[in-house]
Structures are given as structure tokens and as C-alpha cells.
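Read through the structure below, which is laid out as C-alpha cells, and then see the notes.
The values are calculated or read from the model by the stated rules, or taken from the named source; none is laboratory data. Quick caveat: nothing in here was measured; it's all calculated off a predicted structure. Note: ideal-geometry Cβ built from the backbone for every residue, glycine included; neighbour counts use all protein chains shown. What goes into the accessible areas is simple: the full protein's heavy atoms, side chains included, and nothing from ligands, DNA or RNA. Shrake-Rupley method; radii C 1.70, N 1.55, O 1.52, S 1.80 Å.
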Amino acid sequence: MPGPVQSIERAAAILRLLAQGSGRLGLTEIANSLGLARGTAHGILRTLQLVGFVEQDKATGKYQLGAALLHLGTSYLDVNELRSRAINWADALAARSGEAVRIGTHLQGRVLVVHHVFRPDDSLQTLDVGMLLPLHATAIGKVLLAYDANAAAAVQEGEPERFTRRTVRTRKEMSRVLATVREHGWASDVDEAGPGEAGVAAPIRGYGGLVVGAMGISGATERICDPGGRPRPELVGYVRDAARAVSRDLGAARW
Amino acid sequence: MTQRYVMSIDQGTTSTRCILFDWRGRLVSVTQREHRQRFPRPGWVEHDPVEIWRNLERIAPEALAHAGVGPGEVAAVGIANQRETTVLWDRRTGVPVAPAVVWQDTRTAALVEELSRRPDAHVVRERCGLPLATYFSAPTVRWLLDHVDGLRERAERGEVLFGTMESWLIWNLTGGPDGGVHVTDVTNASRTLLMNLRDLDWDPVLLDFFGVPRAMLPRIRPSSQTYGTAKRVLPGVRISAALGDQQAALFGQTCFRRGEAKCTYGTGAFLLLNTGAEPVASTHGLLTTVGYQIGDQPAVYALEGSIAVTGALVQWFRDQLGIISTAPEIETLARTVDDNGGCYIVPAFSGLFAPHWRSEARGVIVGLTSYITKGHLARAVLEATGWQTREVVDAMNADAGIALTTLKVDGGMTSDNLLMQFIADVLDVPVVRPMVAETVSLGAAYAAGLAVGYWPDLEGLRRNWHRAAQWTPAMDRKRREEEYDNWRRAVERAFDWVRPAAGSS
């Protein structure tokens with residue numbers, strides 16, 4: 001087993017230091033207190049600032065604990081904030097794919113639809129925002145199960161509901177499906193939530209790669225899939241590009 | 001080389017943006033650059049026109065580079081701009097004679113007071129459709145002519161040119177001192193107080209009223225027509241459209257039929273209703289303005305209702321009260337309760353605009369009891385935008401004699417589902433959001449593309465408009481009427497707050 005990671009220890013020490021006393025300290029004070037080189041302290045502070053755990057006062061240049069740290073106990077990203085940050089990319093995905101777009105987050109063992117863009121054909125459609133979808137039978141749900149440990153923990157008990165003959169039901173089958181999702185970075189559902197319905201989804205990530213939601217398209221199986229019943233590669237590409245674009249805007253660097 | 005794209009330039013109050021659109025109205029690349037806001041004295045707001053021009057010089061080629069295309073692949077460029085902001089510059093050197101005076105600037109307050117006391121002041125609204133107020137251009141031009149040494153003489157000799165931002169940018173793009181084209185479009189000209197709303201030309205009576213020499217004014221052209229070819233920045237590209245930003249949003253939302261309306265929700269909100277080929281004089285506190293003019297076709301007019309504070313109230317809740325940390329959290333907080341708990345907020349921070357026009361009104365929060373939580377306040381914040389929209393729509397229905405059947409919305413606040421549902425509820429009509437949120441830029445691109453045949457006609461543009469979301473009214477009539485009555489009583493409590501200083505008349 002590897003030993004402790006030095007930079008994490010130092011980051012923790014900086015946070016403890018800032019949590020004491022007046023809570024506003026300059027770079028030199030922080031570096032001196034902890035016996036660090038200024039460059040080292042600055043590097044750690046910049047990273048802490050990036051993830052929102054530390055804030056720097058613009059006028060004085062002093063550091064203090066960040067709002068994200070204070071809200072650590074509550075939801076990481078407000079769902080309305082997520083919608084607001086994703087709305088332009090969701091519109092672009094609907095325009096490119098020609099299909100309806102949804103963004104979902106995990107809520108008590110279900111998918112909560114937090115954003116919905118109509119299929120751009122001007123047919124009569126109703127807004128699904130606030131609706132709950134099954135985790136095990138939708139592409140968005142599978143992405144959340146694959147990457148969100150809390151979502152996976154919430155569906156441990158009970159037999160999942162069967163919507164069609166193709167709905168994934170056994171735990172063994174689901175683990176195989178989720179392993180594929182993690183391997184490819186996207187999920188699909190084909191005739192699983194309802195006959196003739198299909199969807200493709202990819203994860204939306206925040207700082208450090210934390211999955212905060214999933215974004216996907218859904219529509220008629222014959223439009224989403226090729227004749228072999230597999231999601232069309234260009235649609236998968238659009239979905240992954242859009243989810244990556246939102247992730248980049250949310251500060252996920254590598255995805 | 002095929003001309004695959006149309007470019008729009010949105011010269012806004014805080015930044016300038018360049019967007020490339022493809023034939024289906026989809027966004028291909030976006031670049032943006034902010035410019036400085038200068039506040040040299042209380043009430044003064046200025047921009048540096050040269051800084052704005054330099055920003056454009058930078059971001060327009062960037063937008064092409066991001067999409068990997070050359071100017072030869074751009075069929076035309078259209079400009080949408082912050083309205084009424086005034087630039088005066090030297091025709092020979094191209095150097096501005098003063099900083100640009102922004103529409104928010106109130107330095108002309110005393111001049112406007114003095115002008116409105118003149119017995120012939122009624123000619124202003126009769127001829128141009130607008131009330132005499134500080135944010136329109138004519139008082140600003142007059143103020144500059146009165147306050148900058150020797151300027152009036154130079155203006156009369158035609159050595160100094162006037163323009164709003166689109167004129168300044170077109171003149172520079174087409175060569176500046178070296179043969180620059182000095183034009184404006186009907187929508188921008190309609191915001192100067194100097195254009196006759198029916199003739200669509202500078203009105204000699206208004207020029208005389210404000211003391212503005214005709215020699216300094218640009219030629220008024222349709223909103224959609226090629227004005228010239230760019231010699232700089234986008235060499236060879238035709239400049240084929242200009243519209244004020246709110247009119248551009250009306251065009252981008254494809255409100256081409258009489259009775260169609262859009263509302264853009266930003267810091268404030270602007271509701272524009274297409275009234276067709278006839279200007280409708282308002283008796284309910286709205287502005288009569290030109291919507292757009294395509295080529296040599298007759299102009300299309302609009303009624304405009306401006307609301308000063310909508311998104312700004314959410315910002316106040318975030319920045320001044322610190323109750324939320326980001327604007328979208330207002331919805332999360334508002335959803336912690338089922339209703340407003342009897343609380344109403346009237347955000348008359350600097351008076352109330354349409355339809356009241358009460359500059360002495362100030363903000364109030366009414367209905368406070370020990371029961372009220374921050375959740376109720378958050379609801380009241382959102383509902384204030386809903387009710388202010390309702391008041392403007394009522395005024396429009398009364399003035400235009402046609403009832404609104406659908407409201408097309410755009411702007412940042414449209415991501416707030418609770419608010420959009422509330423607006424549908426209080427208006428009792430469906431509220432729809434289009435798939436392209438950038439309606440201002442899209443409108444300028446559409447008008448430019450139309451002028452050069454990139455798009456064939458208005459119907460072709462309509463086919464690009466797709467509904468991204470729709471909110472259907474769900475509030476029962478009795479509740480709506482009771483709540484509206486409460487709102488109106490709250491508004492009355494905001495009136496008559498600021499008293500004139502002692503001794504002033």
C-alpha cells in the first residue's frame with residue numbers, strides 16, 4: 001500500500017490554517033506558517049481555488065475558505081445551476097441530432113429529469129422536467145449507475161421493474177452492462193424502457209471528473225439505431241461531444 | 001469557393017460578440033470581448049468607441065479561425081447593436097471627438113426637462129413615436145454640441161459625423177476616413193428622436209427642435225440591404241444588415257406576422273410586438289418603434305414595452321443580500337415553498353418603466369409577516385418578473401387591439417422553469433422558447449443573409465425556428481385574478497416615494 005500523498009496533506013494543512021482565526025491570510029503568511037516554499041504553497045492554493053475550496057480576495061490578494069467547502073454537506077451542484085450551464089449545449093445537441101434531449105441526475109434510486117429540449121420537429125410535446133425515470137432501463141440511468149456510487153447503492157434492494165422483454169433485470173447482467181458503459185464512456189437503451197424507444201447518454205463531469213449528471217437523446221428506435229439494432233455512431237458522437245462540452249464548462253479538465 | 005456562412009456582430013452594452021451561423025441557423029463559432037464601462041461622474045456612463053472597434057478587429061478574424069474558414073466563405077455580415085448610444089467622430093481622421101455616451105447616461109436630465117417645457121414639445125412624440133427622455137440620442141447630441149468647444153461649427157460644416165454603434169462600425173469596416181460609408185438603419189434611426197416614423201427620414205421639425213445639423217447625420221437605410229463591402233477586418237465581405245438589438249431579437253424569433261411578440265429576459269426585459277405596416281400610437285405607456293425594414297418593402301412597426309429590473313432583482317438577491325450564491329439557485333430556493341406566502345416585491349430600483357413610467361417610485365417589499373421565509377422572498381423575486389410582463393402585455397393588448405396568443409421568450413432567465421411556468425400562468429397564454437437562444441445575433445444574421453439571397457424568404461427563416469420548450473398555463477382564473485390584484489396594490493405602494501428636493505420646482 002502506498003504512503004500518504006504529500007500534496008494532499010499540505011492542502012489539508014492549508015485548509016485547517018484558513019479555518020482558524022480571522023480566516024484571511026496572504027501567500028507569504030501561509031507559506032511561512034507551514035514551512036513551505038512560496039511556489040509550492042501557491043500551486044496548492046491555486047488548485048484549491050480551482051475546485052472552489054479556497055477563494056482569493058481580488059483587492060487584497062488574501063485567501064479564505066471557499067463557498068464550495070462550506071456547502072460540502074449539501075448537493076455538489078445545484079440542478080438549476082446545471083441546467084443553466086448546459087442549456088446552450090443541450091439546444092445544439094437537439095439541433096444536430098434531430099432528437100429530444102434530456103439531462104438527468106440521481107434522486108433516491110430514480111433519474112430526476114432536470115432539463116428537457118423538445119425534438120426539433122415542432123410536433124406537440126410536453127416538458128418532462130421534474131419527471132422521474134427508472135435508472136436500470138434508461139441510458140441516462142445507466143450512466144448514473146456506472147459512475148455515481150450513490151445511485152448504484154440506492155438500487156441494491158428489490159427486483160427492478162420489467163418494462164419490456166429487453167429490460168435488464170438481473171444483477172449479473174447489469175454489472176456486465178455497466179462495465180461496458182465504463183469502458184466506452186457512454187450508455188444506451190434499446191427497446192428497454194418501452195417497445196420502439198431508444199436512447200443514448202454520456203456523463204457530465206465537474207471538477208476532478210466527478211460525475212454530476214448525464215445528458216442524452218431519446219427517440220424512436222428506428223431513428224436512433226442502425227438496422228442491426230445498435231445506436232448510430234454519429235449520434236453517439238454528438239451526445240459525447242455535447243456532454244464533454246458541458247463538462248469542460250463545469251471545470252472538468254481531462255474529459 | 002462556396003459561401004457557407006453568415007456572420008453576425010452583436011455590439012452590446014458590455015461586450016461585442018461575433019457569431020458564424022450556417023444555413024440552418026445553427027451556431028458554428030462564437031467569439032466575444034468585453035469593453036470597459038466608464039463612470040466619470042455620477043449618472044455618466046461612457047464607452048470608448050476606439051476600444052470597441054479594436055475589439056471587433058480582433059474577434060471577427062478569431063470567429064473565422066475557430067471555424068477554419070476564410071472571409072471568402074462568408075456570404076454577408078449583419079450587425080445588431082446596443083441602441084441609442086451616441087458616437088461623434090471626425091470625418092477626416094476617424095477619431096471620436098468625445099467618448100461614446102451610453103443609453104444609461106443621465107447627463108441630459110436637465111436639458112430634457114428644459115426641452116419638455118417648451119410649448120412645441122408635443123411634436124416629439126407625434127413625429128417620432130417616443131417620449132422625450134435621456135436615453136434617446138438627440139438630447140445627447142445636443143448636449144455634446146453645446147459642451148465641446150467648436151463642435152457645433154464643425155458639425156454644421158459636415159466635418160463631424162454622428163452615429164449609433166452600427167454606424168460607427170460600418171463606417172470603419174468600409175474604409176473609415178478612406179471612403180467609409182456613413183449609414184444607419186431605420187430601427188436605430190427610430191431611437192434617435194430625430195426620425196419621422198412615417199417618412200422614415202430625418203424630420204426637419206425635429207432637427208430644428210433639438211438643434212441638430214443635418215450635415216452630421218448618416219443616411220437612413222433599410223435594416224436588410226447591402227450597405228457596402230468591408231475593406232478592413234473582413235475584406236470583401238458584404239455588410240448587409242443592421243438592427244437595434246431588441247429589434248434583432250424580434251427578427252431572430254421570426255415574429256414576422258402582426259400580433260407576434262417576443263420578450264427578452266436579461267438584466268431588464270424588452271417585450272416587442274409586431275404591429276404590421278402601421279405605427280400604433282400608444283396610450284398605455286408603450287413606445288412606438290420600427291421593427292425592421294427589408295429592402296425596399298414597407299417598414300414593419302412594433303410596440304415596445306421596457307421593464308427596467310427583472311434579472312437585476314435576482315442579482316440583487318445574490319450580490320446585495322447574499323441569500324443565494326448563483327442566479328439559478330433562486331429557483332431551487334423558490335421551490336422550497338408552494339407559494340409566495342402573501343409577499344410581493346416591486347423592484348422599482350430607479351423608478352418603474354412601462355407601462356407606468358414613474359421615476360419617483362422606489363422598490364417595496366409588502367405583505368411581510370413572521371411566517372415569511374427566504375423561500376417566499378425568492379418566489380416573490382421571480383413573480384415580480386411575471387407580473388411586470390403581465391402589465392406590459394395588458395398595455396399591448398389595449399393599444400394594438402389584438403390579444404397576444406403566444407409569447408416567444410429568450411435570454412438567460414429562460415433557463416428558469418419555475419419562472420417560465422409562472423409567466424404562462426399569469427398571461428394565460430403558452431410561453432415558448434426557441435432552440436437557438438442567441439436570438440439577437442441570429443436576427444442580425446437572418447437580415448443579412450436575406451439581403452444577399454443566402455436565405456430565400458421569411459418563410460425559409462421560419463422553418464429554421466424550432467420550439468425547444470413550451471410552458472402551458474395551469475393557474476386557475478380566480479387565483480390569477482386575486483394575485484394580480486395583490487400585485488397592483490403592491491405597485492401602488494411603490495409610487496410617490498422620492499420627493500423633489502426642497503426649493504426645486
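Structural remarks
- Unique residue being among the aliphatic types (A, V, I, L, M) and more than 21 Å from B:Gly244 (Cβ to Cβ) when the list is B:Leu151, B:Leu130: B:Leu151
- Near pairs, Cβ below 7 angstrom, 6+ apart or cross-chain, from region B:86-104 (within 16 Å of B:His35 (Cα to Cα) and in contact (Cβ under 8 Å) with a residue 12 or more places away in the chain) to any residue that is open to solvent by 10 Å² or more (accessible area, probe 1.4 Å) and part of a strand (DSSP E or B): B:Val87/B:Pro96; B:Pro99/B:Arg38; B:Pro99/B:Glu46; B:Ala100/B:Glu46; B:Val101/B:Glu46; B:Val102/B:Glu46
- Summed over region B:264-295, residues that are more than 30 Å from B:Trp316 (Cβ to Cβ) and in a loop (DSSP other than H, G, I, E, B) total 8.
- Of everything listed in (1) without any contact (Cβ under 8 Å) to a residue 60 or more places away in the chain; (2) out of contact with any Leu (no Cβ under 9 Å at 6 or more places or on another chain); (3) under 30 Å from B:Ile330 (Cα atoms), the single unmet condition for B:Arg493 is (1).
- Members of region B:126-153 that are touching a residue at least 60 places away in the same chain (Cβ under 8 Å) and not in a loop (DSSP other than H, G, I, E, B): B:Arg127, B:Cys128, B:Ala138, B:Pro139, B:Val141, B:Arg142, B:Leu145, B:Leu151, B:Arg152
- Residue match in region B:153-160 (condition: under 26 Å from the mean Cα position of the chain (by Cα) and either at pLDDT 95 or above or open to solvent by 30 Å² or more (accessible area, probe 1.4 Å) (or both)): no
- Only one of B:Leu132, B:Leu115 that is crowded, with 16+ Cβ neighbours inside 10 Å and under 28 Å from B:Arg91 (Cβ atoms): B:Leu115
- Here B:Glu331 fulfils each of the conditions (1) closer than 30 Å to B:Arg499 by Cβ; (2) within 14 Å of chain A (Cβ to nearest Cβ) apart from (1).
- Residue match in region B:362-372 (condition: open to solvent by less than 30 Å² (accessible area, probe 1.4 Å) and in contact with a strand residue (DSSP E or B) (Cβ under 8 Å, 6 or more places away or on another chain)): no
- Region B:203-252, residues that are in contact with a Gly (Cβ under 8 Å, 6 or more places away or on another chain) and closer than 21 Å to B:Asn55 by Cβ: B:Ala230, B:Lys231, B:Arg232, B:Ile239, B:Ala241, B:Ala242, B:Leu243, B:Asp245, B:Ala248
- For region B:307-322, residues that are within 13 Å of chain A (Cβ to nearest Cβ) and part of a loop (DSSP other than H, G, I, E, B) total 1.
- Residues located in region B:446-495, provided they are in contact with a strand residue (DSSP E or B) (Cβ under 9 Å, 6 or more places away or on another chain), of a type in the set (Lys, Arg) and within 14 Å of chain A (Cβ to nearest Cβ): B:Arg467
Rundown of residues vs (1) touching a helix residue (DSSP H, G or I) at 6+ places or on another chain (Cβ under 8 Å); (2) within 14 Å of chain A (Cβ to nearest Cβ), yes/no style:
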residue	(1), (2)
B:Gly305	yes, no
B:Pro347	yes, no
B:Pro355	yes, no
B:His376	no, no
B:Arg390	yes, no
B:Lys408	no, yes
